[in-house]
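Here's the structure, in structure tokens; my notes come after.
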Amino acid sequence: MATIGDIAVAAGFNIISALIFLIAFAILRLQPINDRVYFAKWYIKGSRTSPTASGTFVRKFVNLDYRSYIRFLNWVPDALRMPEAELIDHAGLDSAVYLRIYLLGLKIFVPIFFLTWAVLIPVNWTNNTLEHSTETYSEVDKLSISNIPHKSPRHENLTLNYRLSALFILAINVICIFWEIYFRTHIVMYDDCRFWAHVAMAYVVTVWTCFMLKKEYEKIANMRFYFLESEKHRPDQFTVLVKNVPPDAHESVSEKVQHFFLVNHHDNYLTHQVVCNANKLAKLVKTRQKKQNWLDYYQIKYSKDPSKRPTMKTGFHGLWGKKVDAIEHHETEIEKLSIQIAEERTSVMNNPKAIMPAAFVSFKTRWGAAVCAQTQQARNPTLWLTEWAPEPRDVYWKNLAIPHVSLTIRKVVMGVAFFFLTFFFMIPITFVQSLANIEGIEKAAPFLKPIIHIKPIKSFIQGFLPGIVLKIFLMLLPRLLMAMSKFEGFLSKSRLERRAASRYYLFKFVNVFLGSIIAGAAFEQLNTFLNESANRIPEIIGIAIPMKATFFITYIMVDGWSGTAGEILRLKPLIIYHLKNIFLVKTERDREKAMHPGTIGFNTGEPQIQFYFLIGLVYAVVTPLLIPFILVFFALAFVIYRHQIINVYNPKYESRAAFWPDVHGRVITALITSQVLLMGLLSTKHAAASTPVLLALPVLTIGFNSYCKGRFEPAFTRYPLQEAMNKDTLDRVREPNLHLNLKGYLENAYIHPVFKDEDFDDEDALHNDHGATAVPTKRQSRRNTPTASRTSNGSEPPHPEIVDEKHKP
């Protein structure tokens, strides 16, 4: 078992690692050559230009001003100085609310730290249960609930810690009459105060956590409404995504959509854009861009040495094949791709099969869009499905081509695949847990005993190696989970990331948390399992669960301390930027593309934070020694990610904090898990009298979650009509002519990215008037048309993505 000394060695190692990362960052950020890497956000906003230094050539690359190195830690107060309102204007609501998750962790765990260390640490330490047991333990376990006796003697003299516990319980009894009656009925021994101190602390942790969750939920909901009220015009405020448009033999999808909304939303409908399948075209454009990058590279290489033409091999990644002139080869390939792109664009414009039964429908007011997005459009609830359109940069265009009928099948397939992925990953988790125990290695490989007992090696194995090995195993997982989310067919990047985050958290909950506890407990207590009677197995597992706190402490230090500190260094983007700057950059625009500022990475960052909430809430009552390690993570991560959000990250989208219900739900899940595990632990110590009291905790927590779900969650899923009308009214007062320009602003808002910088000769494809009062239709029956219908051949849509299908008369 890892001792306090082993943990201290691991803590020292990780603190030194974190300090090295932070000092290296503080020095590298001062160098002019790295300015675009560490201040990318300001370059993108146009508020910063490349530093120019007069004097020697060296000053253009290295900062020779010694005064800046004296103030090299100024980035910390600078990161904390920006007010939250300014941060929202600078980086968006998503980024500001993401940082509040770290603040929520500090608000929850700082009071819990002081309470548990003042009450539970003395209660646990003043026992000798583990000393008289046959189970494997360490000094860390003596500070946990494992050291509480199963049945204490009646006439043992009370120590000072006993009296503190009794006073704490007395205070709880004054607050809660039910507990007072229950205690007077069942508690006759002072030793039982040790159990009830943990039970009382479980109630304190639950009440405080729920109180902070409620306050934060309310705060975020108000921030979201204020952001919606104050933000400028955005296409998604007026636009609804319509899916599963029913087929019609007489009308194209574009005509069908126009007809339906002119009939049913006549006063509010403005324009629409039909969705097309442009995936093949997008793939061709991406391939041509890669070829163009290689052509740029070889042209730059040739310009530096005109005496030698660059060559390449045409085989796989240039490893084999025929040797050809690299510049001529890529020019030929780009020309071929340009022809294919033109042909594919024409096909998308003229092929009715490329038109999907979906459309982005825009309205004259936010109120009209809210009514459409939040109501059922047809008698058949599976047709004309509407939802709020993501903002244009949030749309995941590839999945718009997936037929709606296949989405359910895709979700079932991915659900089954995720189940097997989670199950089979338990094998490496079990192996990692075997590395966490010196005793386990001795049992499996006795010949290694002389080596592993060398103090530095022992401390490294138990204090550092398990955490780093587990982190390596988990590095490949986010890409796989994101690919699974894309296969399921989500239509926005924000929902893709939220889905991947949900599964990543579930995976870590099952494999890292439950897998570590179960596999570790079985491995550590293998000898006891074999030699003790079967009725003692639950008791042994109950003792072993808090013993896994040492593993999670090392995991927090490796992943939460060193890993977070390494994030600010941005070593990989730094190397890639300089390589691109040397080999590919020709213009200022190329240099901007090479910066690659990155994003928060919600699909990996948020599950990591939630995992620390889980560990902290579970071990707050079981092993309070773990809480300070989590507090260090939350504080360090808050400062580092605030700096990154201000200076580096460039968000891909703005969802207006739509992810907060997921954050709240996962903290609730962690809280209920901690309550259930505490019930199991106390039941192994013959404290059955505490079970009815603890049963109330999950019931109360679920009730609290239901209240929050009904009270606050609608603010994140619906747009109140009152708020929409207020915003529209303000627009009419502030900008009376807005309605005159709104159509031109919206009709090309949802153009597929592959069409954005393309020139089209077809004027009808660029200009389309959807504003006629009569309803154009090819139906023979006109009873649904509010005014006299006129047969129309249908005008061309504003861009090739929404071109009408061609039908023969």
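Looking at Thr604, Thr599, can you tell me which residue is of a type in the set (S, T, N, Q), closer than 29 Å to Leu93 by Cβ and not in a helix (DSSP H, G or I)?
Sole residue among the options that is of a type in the set (S, T, N, Q), closer than 29 Å to Leu93 by Cβ and not in a helix (DSSP H, G or I): Thr599.
Restricting the range 691-716 to residues that are of a type in the set (S, T, N, Q) and without any contact (Cβ under 8 Å) to a residue 40 or more places away in the chain leaves a set whose member that is farthest from Val618 (Cα to Cα) is Ser706. Pick out the one residue from Thr382, Thr386 that is touching a helix residue (DSSP H, G or I) at 6+ places or on another chain (Cβ under 7 Å) and either open to solvent by less than 60 Å² (accessible area, probe 1.4 Å) or assigned to a loop (DSSP other than H, G, I, E, B) (or both). So the residue among Thr382, Thr386 that is touching a helix residue (DSSP H, G or I) at 6+ places or on another chain (Cβ under 7 Å) and either open to solvent by less than 60 Å² (accessible area, probe 1.4 Å) or assigned to a loop (DSSP other than H, G, I, E, B) (or both) is Thr386. For the range 313-330, residues that are part of a helix (DSSP H, G or I) and either polar (S, T, N, Q) or open to solvent by 100 Å² or more (accessible area, probe 1.4 Å) (or both) total 3. Can you tell me which residues in the range 238-265 are among the β-branched types (Val, Ile, Thr) and within 14 Å of Ala378 (Cα to Cα)? Listed by number, the residues that qualify are Val242, Val245, Val257, Val263.
Is it the case that some residue within the range 609-617 is open to solvent by 10 Å² or more (accessible area, probe 1.4 Å) and either part of a helix (DSSP H, G or I) or closer than 19 Å to Tyr217 by Cβ (or both)? No, the range 609-617 contains no residue that is open to solvent by 10 Å² or more (accessible area, probe 1.4 Å) and either part of a helix (DSSP H, G or I) or closer than 19 Å to Tyr217 by Cβ (or both).
Scanning the range 252-276 for residues that are polar (S, T, N, Q) and either free of Cβ contacts under 8 Å to residues at least 40 places away in the same chain or assigned to a helix (DSSP H, G or I) (or both) yields Ser254, Gln258, Asn264.
Within the range 562-575, does at least one residue satisfy the condition of being buried (at least 17 other Cβ atoms within 10 Å of the Cβ), modelled with pLDDT under 75 and not basic (Lys, Arg)? Checked against the condition, which is being buried (at least 17 other Cβ atoms within 10 Å of the Cβ), modelled with pLDDT under 75 and not basic (Lys, Arg), the range 562-575 yields no hits at all. Residues in the range 712-738 that are open to solvent by 80 Å² or more (accessible area, probe 1.4 Å) and touching a Pro at 6+ places or on another chain (Cβ under 6 Å): 0 in all. Taken over the range 220-258, the residue count meeting the criterion of being within 24 Å of Arg732 (Cα to Cα), in contact with a Phe, Trp or Tyr (Cβ under 9 Å, 6 or more places away or on another chain) and of a type outside the set (A, V, I, L, M) is 7. Here Leu270 does not qualify as surrounded by 15 or more Cβ atoms within 10 Å (Cβ to Cβ) and at pLDDT below 90.
Tell me, please, whether a residue that is within 30 Å of Arg666 (Cβ to Cβ), modelled with pLDDT of 90 or more and part of a strand (DSSP E or B) can be found in the range 230-241. The answer is yes, given that some residue of the range 230-241 is within 30 Å of Arg666 (Cβ to Cβ), modelled with pLDDT of 90 or more and part of a strand (DSSP E or B). Listed conditions (1) more than 30 Å from Pro661 (Cα to Cα); (2) touching a helix residue (DSSP H, G or I) at 6+ places or on another chain (Cβ under 6 Å); (3) modelled with pLDDT of 85 or more are all met by Arg732, apart from (2).
Can Ala401 be described as closer than 23 Å to Gln237 by Cβ and either surrounded by 16 or more Cβ atoms within 10 Å (Cβ to Cβ) or aromatic (Phe, Trp, Tyr) (or both)? It is false that Ala401 is closer than 23 Å to Gln237 by Cβ and either surrounded by 16 or more Cβ atoms within 10 Å (Cβ to Cβ) or aromatic (Phe, Trp, Tyr) (or both). Right, Gln299: surrounded by 15 or more Cβ atoms within 10 Å (Cβ to Cβ) and at pLDDT 90 or above or not? No; evaluated as a whole, the condition is false for this residue.
I'd like to know if the range 740-750 contains one or more residues that are modelled with pLDDT of 90 or more and charged (D, E, K, R). Within the range 740-750 (the criterion being modelled with pLDDT of 90 or more and charged (D, E, K, R)), the answer is no, since none of the residues qualifies.
Condition check ((1) modelled with pLDDT of 80 or more; (2) farther than 21 Å from Leu143 by Cα) across all residues:
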site	(1), (2)
Phe490	yes, yes
Glu497	yes, yes
Ser502	yes, yes
Lys508	yes, yes
Arg536	no, yes
Ile540	no, no
Ile545	no, no
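Scanning the range 253-267 for residues that are buried (at least 20 other Cβ atoms within 10 Å of the Cβ) and among the polar types (S, T, N, Q) gives Ser254, Gln258. The criterion of being touching a strand residue (DSSP E or B) at 6+ places or on another chain (Cβ under 8 Å) and among the small types (Gly, Ala, Ser) does not hold for Ala378. Restricting attention to the range 406-432, report how many residues are modelled with pLDDT under 85, part of a helix (DSSP H, G or I) and either open to solvent by 70 Å² or more (accessible area, probe 1.4 Å) or among the hydrophobic types (A, V, I, L, M, F, W, C) (or both). Summing the residues that are modelled with pLDDT under 85, part of a helix (DSSP H, G or I) and either open to solvent by 70 Å² or more (accessible area, probe 1.4 Å) or among the hydrophobic types (A, V, I, L, M, F, W, C) (or both) in the range 406-432 gives 7.
Regarding Asp764, is this residue outside any loop (DSSP other than H, G, I, E, B), surrounded by fewer than 17 Cβ atoms within 10 Å (Cβ to Cβ), at pLDDT below 85 and acidic (Asp, Glu)? The answer is yes for Asp764. For Ser655, the conditions (1) modelled with pLDDT under 95; (2) assigned to a helix (DSSP H, G or I); (3) not charged (D, E, K, R) are fulfilled apart from (2). What do you reckon, is Thr126 at pLDDT 90 or above, of a type in the set (Ser, Thr, Tyr) and either farther than 30 Å from Ser494 by Cα or open to solvent by less than 60 Å² (accessible area, probe 1.4 Å) (or both)? In short, no.
Residue check: is Thr365 at negative phi, buried (at least 20 other Cβ atoms within 10 Å of the Cβ) and modelled with pLDDT of 85 or more? In short, yes.
Can you name every residue in the range 35-61 that is of a type outside the set (D, E, K, R) and at pLDDT below 80? Quick ask: steps written out before the conclusion?
So in the range 35-61, the residues of a type outside the set (D, E, K, R) come out as 37-40, 42-44, 46-47, 49-58, 61.
Those that are of a type outside the set (D, E, K, R) and at pLDDT below 80: Thr49, Ser50, Pro51, Thr52, Ala53, Ser54, Gly55, Thr56, Phe57, Val58, Phe61.
The values are calculated or read from the model by the stated rules, or taken from the named source; none is laboratory data. The shown structure was predicted, so the numbers you read here are calculated from the model rather than taken from an experiment. No Cβ is skipped: glycine too gets one built from the backbone with ideal geometry, and neighbour counts run over all protein chains shown. All accessible areas refer to the heavy atoms of the entire protein, side chains included, with ligands and DNA or RNA removed. Shrake-Rupley method; radii C 1.70, N 1.55, O 1.52, S 1.80 Å.
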